[in-house]
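Report on the following structure.
The values are calculated or read from the model by the stated rules, or taken from the named source; none is laboratory data. What you see is a predicted model, and the numbers here were worked out from it, not measured in a lab. Virtual Cβ from ideal backbone geometry, glycine too; neighbours counted across all protein chains shown.
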Amino acid sequence: MSDKPSWIASKPLLTQEQIDELDARFRKRLRSMLAVDEMVDTLFRALEATGEAERTYVFFTSDNGYHLGEQRFESGKTNPYDEDVRVPLLVSGPGVGEGRRVSQIAINIDIAPTLAGLAGVATPNFIDGRSLEPLLIGNGGEGGAWRSGLLIEWLKPDKEYRGVRDDGYLYVDHFGRGEFELYDRNLDPYELDNFYSTADPGLLADLIAWLGRLAGCAGASCRAEEQR
């Protein structure tokens, strides 16, 4: 933890009592999924009974992830790490191949333009996201291109940070604190080894500039800036 920002590095080790409580919370969260399973089953049965199953798209996702002990944080959802920012996205509907998986990056801001496109409705110009239609039922991207990464941020008095995440790296600027994090997500998938202090200056400059562009974009310009 010594290479983390000071407010994280100073967190004490979790006690056995805290660990036991986190384990209990995890088990309860798994049990709660039984109700979700039942809800999804009820929904699809209703669609089949009304003859709407073959013309209905169903999206299953979440607004955030959740940490339970990672990085010495007890429980919550406001950190820039994988446990908090990565969520499931499952889609069923006409033209969506059964069992098909795609690796391109999708963001929650893509849901609105995707639903609009599937419904044949024009997407307003102020929308930052992009339709996922090419990934769901198309050839894999808009003209063969897709976003390279995404902006993540938390801007509240308790802590403020902005970061950029792609398939290779996570870079985080804890502005106001003058502290930074950089992780190689391929070599360090649990984001434990902050190598900001030893990183190649060219890589840092690239990520810092990219983060600045993503933080200041809006609408169509965001879709352009997402390409690194």
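Quick notes
- Search result, residues across segment 37-92 that are in contact (Cβ under 8 Å) with a residue 40 or more places away in the chain, among the hydrophobic types (A, V, I, L, M, F, W, C) and under 23 Å from L192 (Cβ atoms): L68, F73, V85
- Scanning segment 113-126 for residues that are touching a helix residue (DSSP H, G or I) at 6+ places or on another chain (Cβ under 8 Å), part of a loop (DSSP other than H, G, I, E, B), touching a residue at least 60 places away in the same chain (Cβ under 8 Å) and not assigned by TED's automatic domain parsing to the domain that holds I8 turns up at least one hit.
- Restricting segment 84-101 to residues that are within 29 Å of W154 (Cα to Cα) and not basic (K, R), the residue that is surrounded by the fewest Cβ atoms within 10 Å (Cβ to Cβ): P88
Residues are listed down the side, and each one gets a yes or a no for (1) over 21 Å from R72 (Cα atoms); (2) among the aliphatic types (A, V, I, L, M):
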| position | (1), (2) |
| --- | --- |
| L170 | no, yes |
| Y183 | no, no |
| D200 | yes, no |
| A220 | yes, yes |
| R228 | yes, no |
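- Of R72, R29, all but one fail to be of a type in the set (K, R), in contact with a Leu (Cβ under 9 Å, 6 or more places away or on another chain) and either surrounded by 15 or more Cβ atoms within 10 Å (Cβ to Cβ) or closer than 27 Å to H174 by Cβ (or both); the exception is R72.
- Number of residues in segment 157-174 that are buried (at least 20 other Cβ atoms within 10 Å of the Cβ) and either outside any strand (DSSP E or B) or of a type in the set (V, I, T) (or both): the value is 2.
- Here N194 clears all of (1) within 17 Å of the chain's Cα centre (by Cα); (2) polar (S, T, N, Q); (3) crowded, with 20+ Cβ neighbours inside 10 Å except the condition numbered (1).
- A49, sole failed condition from (1) under 27 Å from L170 (Cα atoms); (2) modelled with pLDDT of 95 or more: (1)
Each row is one residue, and each column tells you yes or no for (1) in a helix (DSSP H, G or I); (2) in contact with a helix residue (DSSP H, G or I) (Cβ under 9 Å, 6 or more places away or on another chain); (3) assigned by TED's automatic domain parsing to the domain that holds C222.
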residue	(1), (2), (3)
L14	no, yes, no
I19	yes, no, no
D23	yes, no, no
F26	yes, no, no
L30	yes, no, no
I109	yes, yes, no
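- Within segment 93-104, the residues that satisfy the criterion of being under 16 Å from G138 (Cβ atoms) and not small (G, A, S) are P94, V96, R100, R101, V102, Q104.
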